[in-house]
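**Student:** Here it is, the structure in full.
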Amino acid sequence: MARADRLERLDTRRGELEAEYQEVLIAALRKAAAGSWGLFDHNPDKTARAAWKATVTDLCDRGQEIDEMRETLGLEPFALHAEFEASRGPVSATAPGEPKQARAWLDRLGAGT
């Protein structure tokens, strides 16, 4: 019974962390949609990377912690974080800019500005 209680508490905490992750991501997406480049790391601009470093590190740390909890619970990895990670990095010159990409993410998450 103790194991079941521990897993239930872990699952509750996982749900809380996932909600917090989404809140942090939405706040970052709103800032990016307003014109701040660097969240998606599409350009090799050191200033933009530095401006977003704390936020991106926070999201990655939270995502890793959630994935570890999900693994313990026998669940699939956290899809929202996996999508965020996959969306980062260099893109073609014809790809939408980061503000436009952030607005699309906000719309998809139902958090449009």
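The values are calculated or read from the model by the stated rules, or taken from the named source; none is laboratory data. All values reported here derive from a predicted model rather than from experimental measurement. Note: ideal-geometry Cβ built from the backbone for every residue, glycine included; neighbour counts use all protein chains shown. Ligands, DNA and RNA are stripped out before the accessible areas are found, and what is left, the full protein with its side chains, is counted by its heavy atoms. Shrake-Rupley method; radii C 1.70, N 1.55, O 1.52, S 1.80 Å.
**Student:** Evaluate region 21-31: report whether one residue or more is closer than 21 Å to Glu65 by Cα, in contact with a helix residue (DSSP H, G or I) (Cβ under 9 Å, 6 or more places away or on another chain) and not in a helix (DSSP H, G or I).
**Tutor:** no
Residue-by-condition table, conditions (1) of a type in the set (A, V, I, L, M); (2) free of Cβ contacts under 8 Å to residues at least 12 places away in the same chain; (3) closer than 28 Å to Glu16 by Cβ; (4) open to solvent by less than 70 Å² (accessible area, probe 1.4 Å):
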position: Glu76; (1), (2), (3), (4): no, yes, yes, no
position: Leu80; (1), (2), (3), (4): yes, no, yes, yes
position: Pro96; (1), (2), (3), (4): no, yes, no, no
position: Pro99; (1), (2), (3), (4): no, no, no, yes
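**Student:** Ala2 passes all but one of (1) open to solvent by less than 40 Å² (accessible area, probe 1.4 Å); (2) out of contact with any Leu (no Cβ under 7 Å at 6 or more places or on another chain); which number fails?
**Tutor:** Of (1) open to solvent by less than 40 Å² (accessible area, probe 1.4 Å); (2) out of contact with any Leu (no Cβ under 7 Å at 6 or more places or on another chain), only one is false for Ala2: (1).
For (1) of a type outside the set (Phe, Trp, Tyr); (2) touching a residue at least 24 places away in the same chain (Cβ under 8 Å); (3) open to solvent by 40 Å² or more (accessible area, probe 1.4 Å), each residue gets a yes or a no:
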site	(1), (2), (3)
Thr12	yes, no, yes
Val24	yes, yes, no
Ala27	yes, no, yes
His42	yes, yes, no
Asp58	yes, yes, yes
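**Student:** If I filter region 29-40 down to residues being open to solvent by less than 20 Å² (accessible area, probe 1.4 Å) and aliphatic (A, V, I, L, M), which single residue comes out as nearest to Arg103 (Cα to Cα)?
**Tutor:** Here is the first cut: in region 29-40, the ones open to solvent by less than 20 Å² (accessible area, probe 1.4 Å) are 29, 32-33, 38-40.
Then drop every residue that is not aliphatic (A, V, I, L, M), which leaves 29, 32-33, 39.
Numbers: Leu29: 7, Ala32: 8, Ala33: 5, Leu39: 12 Å.
Within region 29-40, the match that is nearest to Arg103 (Cα to Cα) is Ala33.
**Student:** Next up: Within region 65-73, is even one residue within 16 Å of the chain's Cα centre (by Cα), surrounded by fewer than 17 Cβ atoms within 10 Å (Cβ to Cβ) and more than 19 Å from Arg108 (Cβ to Cβ)?
**Tutor:** Yes - at least one qualifying residue is present in region 65-73.
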